[in-house]
Amino acid sequence: QVQLVESGGGLVQPGGSLRLSCAASGSIFSISAMGWYRQVPGKQRELLTSITSGGSTTYADSVKGRFFISRDNAKNTVYLQMNSLKPEDTAVYYCNLKSRFIDSWGQGTQVTVSS
C-alpha cells in the first residue's frame with residue numbers, strides 16, 4: 001500500500017499564497033497519476049487538479065489560473081501552489097494517487113483563509 005503525507009497547510013490571509021506538498025512512499029509514484037482534492041463539512045470532496053505520469057494537467061474552473069500542480073518524481077512528491085487565496089478556499093486538502101491497482105489518499109491538511 002502507498003502512504004501519502006500532506007504538509008504545508010495553515011492559516012493565510014485573503015490574497016496570500018501557500019504551497020502544499022504530498023510525499024509518497026513506495027516505488028510507483030513516477031508511473032501514477034496524482035490529484036489534489038478539497039472538502040468542506042457537509043459537501044462532497046472536490047477534485048481541484050490532477051497531473052498524469054507524463055506531466056499533463058487539468059484544473060477545475062474554481063482554481064484555474066490561481067492554483068498550480070507540479071511533481072518531482074525524484075522526490076516522490078507532488079505540490080500544489082495556491083495563489084490569490086480566497087475565504088472560500090478554506091477546506092481540508094487531500095492528495096490522491098491513482099495507479100493501475102491502487103487508489104490511495106493522504107490524511108488531509110487544513111487550509112484556512114481568513115483575515
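The values are calculated or read from the model by the stated rules, or taken from the named source; none is laboratory data. As the structure is a prediction and not an experimental result, all values here were calculated from the model. Glycine also receives a Cβ, built like all others from the backbone with ideal geometry; neighbour counts cover every protein chain displayed. Note: areas computed on protein heavy atoms with side chains; ligands, DNA, RNA excluded. Shrake-Rupley method; radii C 1.70, N 1.55, O 1.52, S 1.80 Å.
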Flagged pairs (Cβ under 6 angstrom, 6 or more apart or on separate chains; first in the stretch 42-57, within 22 Å of Q110 (Cα to Cα); second in a loop (DSSP other than H, G, I, E, B)) are L48/A60; L48/V63
Filter the stretch 1-18 for residues that are polar (S, T, N, Q) and assigned to a loop (DSSP other than H, G, I, E, B); the one that is least open to solvent (accessible area, probe 1.4 Å) is S17
The condition from (1) within 23 Å of V113 (Cβ to Cβ); (2) surrounded by fewer than 19 Cβ atoms within 10 Å (Cβ to Cβ); (3) in contact (Cβ under 8 Å) with a residue 24 or more places away in the chain that L80 misses is numbered (2)
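Listed here are the residues, each with its yes/no results for (1) open to solvent by less than 50 Å² (accessible area, probe 1.4 Å); (2) closer than 23 Å to Q1 by Cβ; (3) in a strand (DSSP E or B).
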residue	(1), (2), (3)
L20	yes, yes, yes
Y37	yes, yes, yes
G42	no, no, no
L48	yes, no, yes
A74	no, yes, no
Verdict on F67 being open to solvent by less than 60 Å² (accessible area, probe 1.4 Å), among the hydrophobic types (A, V, I, L, M, F, W, C) and either in contact (Cβ under 8 Å) with a residue 12 or more places away in the chain or over 17 Å from G10 (Cβ atoms) (or both): yes
Verdict on S56 being exposed (fewer than 13 other Cβ atoms within 10 Å of the Cβ) and either out of contact with any strand residue (DSSP E or B) (no Cβ under 8 Å at 6 or more places or on another chain) or modelled with pLDDT under 95 (or both): yes
By residue number, the members of the stretch 83-115 that are at pLDDT 95 or above, open to solvent by 20 Å² or more (accessible area, probe 1.4 Å) and among the aliphatic types (A, V, I, L, M) are V92
The condition from (1) over 13 Å from the mean Cα position of the chain (by Cα); (2) over 27 Å from P14 (Cβ atoms) that T90 misses is numbered (2)
